[in-house]
Amino acid sequence: MKPLQTTTMNVHFIAIGGSAMHNLALALHNKGYQVTGSDDTIFEPSKSRLEVKGLLPETFGWFPEKITDKLDAIVLGMHAKEDNPELLKAQELGLKIYSYPEFLYEQSKHKTRVVIGGSHGKTTITSMILHVMHYHDRDVDYMVGAQLEGFDVMVKLTEHNDFIVLEGDEYLSSPIDLRPKFHLYKPNIALLSGIAWDHINVFPTYENYVEQFSIFVDSIVSGGSINYNEEDPEVKRVVEASENTIRKIAYQTPEYKVENGETLLETPEGELPIEVFGKHNLNNLAGAKWICQHMGIDEDDFYEAISTFKGASKRLEKIAESKTSVAYKDFAHSPSKVEATTNAVKEQYENRTLVACLELHTYSSLNAEFLKEYKGALDAADVAVVFYSPHAVEIKKLEEVTHEQIANAFQRDDLIIYTNPDDFKNFLFSQNFDNKALLLMSSGNYGGLDFDEVKDLIQ
């Protein structure tokens, strides 16, 4: 096999359409590699983005004949199954098969690897770091989990940049490599933002989930460093228990206050107005500041850049605002994220009635056993609404979740529950949003809600 550093390398992607996979394919294409790929279905925006670069497969499906000994490497996506015909052919030919994170490591093993890990906050922290770097014209390689404003790709790989910033996801690497992705990056500089059980379908017990973060801390290269959120007791315990020979640097939420719907951050130079808000985001900011300092950005330059950061995509995204009302949409779905986001909006708009709507959409959130993790998650809302689709439960082959189970889980007597998309929509559109804040939390769309129509509610 040719070494990975040759620019004429031929790489084939099995399941090229995934969010991370297609971004890596684009990054390698931009680097001058020969890239091909297959998938049985590809959705937008992956489809258009691959098409523009001439990387969209002509026909959807799996074609073992595409796999020949002329390929230098295979990158295998999670969407493929163990018995995928292309994978079987690659194994038969003895080709080198990489998971997505393995390939990223291979591409960056001569760089300083900065890995941002944690159950929540990692996309925001990674976005903050890249925003600051971009603001000061510092070119770095990166891999992020969401499309960032001002960045046309989610993966950037070069031969010349010294740093690569990687969002360290704890989800599994590939169908034939069941290690969490962030175990494979071997960071020089790491960050751990929080630990809260998620992915119940992958990590069956809380203990098993936490163990993955201990392995992550132990995977930091000797002499490296970790910045950790000491306000999270689990993070503090995991990091401080590690016997790895690394520097351990704790961070905590900085001093801030909210005045007239504006968040002011305390800095050595005085109060700095910032665009993001909520205790969890200020905590994320403190973590990002440390990492930027490790990467050569001094404190003053960090504050100057961060004051212009508007937030990561799908994270507390303001969709509409009038003089007396405001609406946000957020990707929050796990209990810790729902609680942090709800608290943040209430703190920012304490004099307004907060209407918080949560769609239970993911595998974990629709699991009857896991539901109780949501206890208290919507307490900060004045009006709390939960929507879920029995159809989604059916598709995921889960036992039916009852109204009663949801009401008990959140422990709010006044919780409003909808299972019919039309009923939920009617509720929303019958509200008067004068002096209110609306928060829509979901990784879906409430069974077909048009968010543009929602904007019209805020007048």
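The values are calculated or read from the model by the stated rules, or taken from the named source; none is laboratory data. Here the structure is a predicted model, which means the values were calculated and not measured. Positions of Cβ are backbone-derived with ideal geometry, glycine not excepted, and every protein chain shown enters the neighbour counts.
Here is how the numbers come out for the structure above:
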{"item": "Residue in the stretch 243-250 that is modelled with pLDDT of 95 or more, surrounded by 21 or more Cβ atoms within 10 Å (Cβ to Cβ) and either on the phi < 0 side of the Ramachandran plot or not assigned by TED's automatic domain parsing to the domain that holds S174 (or both) present", "result": "yes"}
{"item": "Failed item, numbered, when K323 is tested on (1) out of contact with any Ser or Thr (no Cβ under 6 Å at 6 or more places or on another chain); (2) in contact (Cβ under 8 Å) with a residue 24 or more places away in the chain; (3) assigned by TED's automatic domain parsing to the domain that holds L438", "result": "(2)"}
{"item": "Filtered residues of the stretch 5-61 (kept if under 20 Å from D169 (Cβ atoms) and small (G, A, S))", "result": "A15, G17, G18, S19, A20, A25, A27, S46"}
{"item": "Residue match in the stretch 217-229 (condition: more than 25 Å from the chain's Cα centre (by Cα), exposed (fewer than 15 other Cβ atoms within 10 Å of the Cβ) and over 23 Å from Y349 (Cα atoms))", "result": "yes"}
{"item": "Helices (runs of 4 or more DSSP H) wholly inside the stretch 366-459 containing at least 1 residues that are within 26 Å of T205 (Cβ to Cβ), assigned by TED's automatic domain parsing to the domain that holds E350 and in contact with a strand residue (DSSP E or B) (Cβ under 6 Å, 6 or more places away or on another chain)", "result": "403-410"}
{"item": "Residues of the stretch 32-48 satisfying the condition of being closer than 21 Å to K70 by Cα and touching a strand residue (DSSP E or B) at 6+ places or on another chain (Cβ under 9 Å)", "result": "Y33, Q34, V35, T36, G37, S38, D39"}
{"item": "Residue ID - farthest from A381 (Cα to Cα), chosen from residues in the stretch 329-355 that are in a strand (DSSP E or B) and at pLDDT 95 or above", "result": "T353"}
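So that you can scan it fast, the table gives a plain yes or no per residue for (1) part of a helix (DSSP H, G or I); (2) surrounded by fewer than 17 Cβ atoms within 10 Å (Cβ to Cβ); (3) within 18 Å of the chain's Cα centre (by Cα):
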| residue | (1), (2), (3) |
| --- | --- |
| V258 | no, yes, no |
| N283 | yes, no, yes |
| Q293 | yes, yes, no |
| G311 | no, no, yes |
| T324 | no, yes, no |
